[in-house]
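Here the structure is laid out as structure tokens; the discussion comes afterwards.
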Amino acid sequence: MLKGDMVILRSPVVGDAEALSEYLRDREVFSALQGSVYPVTEQDMRNFIFFISDRTVPLSEINLTICLHDGTVIGMCALHDFTKRGTAQIGFWLGRRHWGHGYAREAVALVSRMALERLGVKRLYAVSAASNSRSERTLSSLGFKKVRAGPGGKDLIKMVLTR
């Protein structure tokens, strides 16, 4: 568990599925999840949580539910695509009603610090839609630098934070 002034990040539990799937029914929120199939149902989210909670399946990612201190589930943050050279990808999303309060910034800061200081990650990167200026501002405010556009030079941006 990671605890900040505004948010707590913890392992997802099946009880999170209702709120998380509700947020993901919003197409603009959903658009942050590259490669996912719309719509995400509550059962889809339960299945995802069961899968990532199954300790018998070796996973190369860390998925965390973002909650307010009162326990309200507001989104998710993940680390994945770890490499032997010390690189990992961070991803995050929040339900729309939780945008603009600094929650994503705090969650990404906590997870980035964990990756760089405790997990031995040397280079952390994020990929987002070029149209997602909120994500780019959040990452920039934490020291991530834009390094290039995504495949084909458009639609996606890649931002990097190094230790």
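None of the figures in this text is laboratory data; all of them are computed from the coordinates on show. Predicted model only: the values in this text are computed from it and were never measured. Ideal geometry is used to build each Cβ from the backbone, glycine not excepted, and the neighbour counts take in all protein chains shown.
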How large is the helix-only mean residue ellipticity at 222 nm for the chain, computed as the sum of -39500 (n - 2.57) over DSSP H runs with n ≥ 4, divided by its residue count, in deg cm²/dmol to the nearest 500?
-> -8500 deg cm²/dmol
Would you tally the net charge around residue 4, using a Cβ to Cβ cut-off of less than 13 Å, leaving residue 4 out, and scoring K and R as +1, D and E as -1?
-> +2
Taking r as the C-beta separation of residue 43 and residue 68 and R0 as 25 Å, the FRET efficiency to the nearest 0.05 is 0.50
Relative contact order for the stretch 88-163, counting Cα pairs under 8 Å that sit 6 or more residues apart, in percent | 31
Using the Kirkwood formula over every pair of different C-alpha atoms, what hydrodynamic radius in Å results for the stretch 86-163?
-> 12.8
Sparse-neighbourhood loop sites, trypsin sites (Lys or Arg not before Pro) in the stretch 1-101 - DSSP loop, at most 15 other Cβ within 10 angstrom = 25, 55, 84, 85
Using the Cα gyration tensor of the stretch 1-129, with a ≥ b ≥ c the square roots of its eigenvalues, what is the shape: rounded (a/c below 1.5), prolate (a/b larger than b/c) or oblate (neither)?
-> rounded
Taking the Cα atoms of the stretch 110-150, report the difference between the largest and smallest coordinate on each principal axis, in whole Å and largest first.
-> 32, 18, 13
Two pseudo-spin positions, 7 Å from Cα along C-beta at residue 53 and at residue 155, lie apart in nanometres by 3.4
In nanometres, what is the gap between the two model label sites at residue 146 and residue 127, each 7 Å from Cα along Cα-to-Cβ?
-> 1.8
